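The next block holds one structure in the form of structure tokens; read it before the comments.
The values are calculated or read from the model by the stated rules, or taken from the named source; none is laboratory data. In this text, all values refer to a predicted model and were calculated from it rather than measured experimentally. Heads up, the Cβs are rebuilt from the backbone with ideal geometry, glycines too, and the neighbour counts pull from every protein chain shown. The protein model used for the area step is the full one, side chains on, heavy atoms only, and it has no ligands, DNA or RNA in it. Shrake-Rupley method; radii C 1.70, N 1.55, O 1.52, S 1.80 Å.
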Amino acid sequence: MARVYNFSAGPSMLPEVVLNKAAAEMLDYQGSGQSVMEMSHRSKVYDEIIKGAENLLRELMNIPENYKVLFLQGGASTQFAAIPLNFMNGSGKADFVITGQWANKAYKEACKYGEANVIASSKDKTFSYIPKLNKDDFTKDADYFYICLNNTIYGTLYNELPDTGDVPLIADISSCFLSEPIDVSKFGVLFGGAQKNVAPAGLTIVIIREDLLGKAREITPTMLDYKVQADNDSLYNTPPCYPIYICKLVLEWIKNLGGLEAMKERNEKKAKMLYDFLDNSKMFRGTVVKEDRSLMNVPFVTDSDELNAKFIKEAEAAGLINLKGHRSVGGMRASIYNAMPVEGVEALVSFMDNFEKENTK
Ligand SMILES: *Cc1c(COP(=O)(O)O)cnc(C)c1O
């Protein structure tokens, strides 16, 4: 069987070495006589897996001592509610930058709990850029300032973080998790669903500065109270055991490749190949302003809906799948997360090049 190159925005590809290792350990994990799927989450053998995953994540992301790492369920979308419930409890205000659907969903959810202020938005141009921020517009006594660091649907990435002073910066990093080094100490909270870059769906990782814990509203559901999860080392209830195990294997894979610096280099190389092609093509063009381009999600279009559809169909037949853009944008989108090999991007670029030649009169 030939494996395809899967350009899906998520769930997305996992490294083949990880899948092979998981397959080899499927029935008997390291002599335990059981699959990781079958283990008690409170057993010694599982404890080594979850602690191992946390330690590797701390090492690779250089997470400071005063941050907790939580392995949760419910996806990034559940955090959209957990964040206001846990933190919108001082002034009851929070600031948001609307850079796409995910930021907007987080904002909408926060509106249910307090005064959510939109500081800037790039909706006027279909979220094709990251808006410039003016510090004077920020709410001085906000409980937090919220951004979506990499915008999966529109393909934008912040290359400069807002300077929020003492107001904790909270970022959704679902689609850029582990894609390059990040200075965790600049954030109050980082969180993301794992299914883009870290593990299969079912795991949500939250990295949270300790002093922010313990401020949740009375009505916060126990499962959404970050302090409860932190006090119980993510074992208040049954965690997503198997995705945490795969996460550990993915982290080992990244470490073996040289860590996040090496990952960044690899991702830049892949993205450059694709952007260079787009910049020189007469048929295809990227939809994002150059300075805000994502390393992970690359939306592009031709000038014709028919050509777009033909391209997507023929690419799929050639083993390059899930290249259709998000329904809100149209056109194409190639998500080239960590696990997409360089060869996959080479295959895509060469396919695009041939397609352009064949369809140009
Ligand atoms: C995919 C995605 C989400 C939604 O994640 P779920 O885990 O499905 O809730 C949120 N934010 C960003 C940036 C995403 O890419």
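Here are the numbers:
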item: Condition broken by GLU306, with the remaining ones in (1) open to solvent by 20 Å² or more (accessible area, probe 1.4 Å); (2) within 24 Å of ASN338 (Cβ to Cβ) satisfied; result: (2)
item: Qualifying residue in the stretch 144-164 (condition: under 20 Å from PHE191 (Cα atoms) and acidic (Asp, Glu)); result: yes
item: Top-ranked residue in the stretch 91-119 [being among the hydroxyl-bearing types (Ser, Thr, Tyr) and in contact with a Phe, Trp or Tyr (Cβ under 8 Å, 6 or more places away or on another chain); ranked as least open to solvent (accessible area, probe 1.4 Å)]; result: THR99
item: Scan of the stretch 309-323 for residues that are surrounded by fewer than 20 Cβ atoms within 10 Å (Cβ to Cβ) and free of Cβ contacts under 8 Å to residues at least 60 places away in the same chain, ordered by number; result: ALA309, LYS310, ILE312, LYS313, GLU314, GLU316, ALA317, ALA318
item: Cβ-Cβ under 7 Å pairs, at least 6 apart or on other chains, the stretch 163-182 side open to solvent by 40 Å² or more (accessible area, probe 1.4 Å), far side small (Gly, Ala, Ser); result: none
item: Verdict on ALA53 being assigned to a helix (DSSP H, G or I), in contact (Cβ under 8 Å) with a residue 12 or more places away in the chain and surrounded by 19 or more Cβ atoms within 10 Å (Cβ to Cβ); result: yes
item: Residue count, the stretch 273-309 (criterion: charged (D, E, K, R), out of contact with any Gly (no Cβ under 8 Å at 6 or more places or on another chain) and within 30 Å of ARG58 (Cβ to Cβ)); result: 1
item: Looking only at the stretch 72-90, and only at residues there that are open to solvent by less than 50 Å² (accessible area, probe 1.4 Å) and over 13 Å from GLY192 (Cα atoms), the one that is nearest to the ligand (Cβ to nearest atom); result: ALA81
item: Top-ranked residue of the stretch 204-222 - restricted to ones that are hydrophobic (A, V, I, L, M, F, W, C) and more than 30 Å from MET13 (Cβ to Cβ), ranked as surrounded by the fewest Cβ atoms within 10 Å (Cβ to Cβ); result: ILE219
item: Hits in the stretch 133-186 - residues which are under 22 Å from GLU265 (Cα atoms) and part of a strand (DSSP E or B); result: ASN150, ASN151, THR156, LEU157
item: Subset of the stretch 161-190 [within 24 Å of LEU251 (Cα to Cα), more than 9 Å from the ligand (Cβ to nearest atom) and touching a strand residue (DSSP E or B) at 6+ places or on another chain (Cβ under 9 Å)]; result: ILE170, ALA171, PHE177, SER179, ILE182, VAL184, SER185, LYS186, PHE187, GLY188, VAL189, LEU190
item: Elements of type helices (runs of 4 or more DSSP H) in the stretch 223-285, at least 3 residues being surrounded by 14 or more Cβ atoms within 10 Å (Cβ to Cβ) and aliphatic (A, V, I, L, M); result: 241-257, 259-280
item: Complete set of residues in the stretch 191-222 that are in a strand (DSSP E or B) and within 16 Å of the ligand (Cβ to nearest atom); result: PHE191, GLY192, GLY193, THR204, ILE205, VAL206, ILE207
item: Residues of the stretch 331-360 satisfying the condition of being of a type in the set (Gly, Ala, Ser) and open to solvent by less than 30 Å² (accessible area, probe 1.4 Å); result: GLY331, ALA334, SER335, ALA339, GLY344
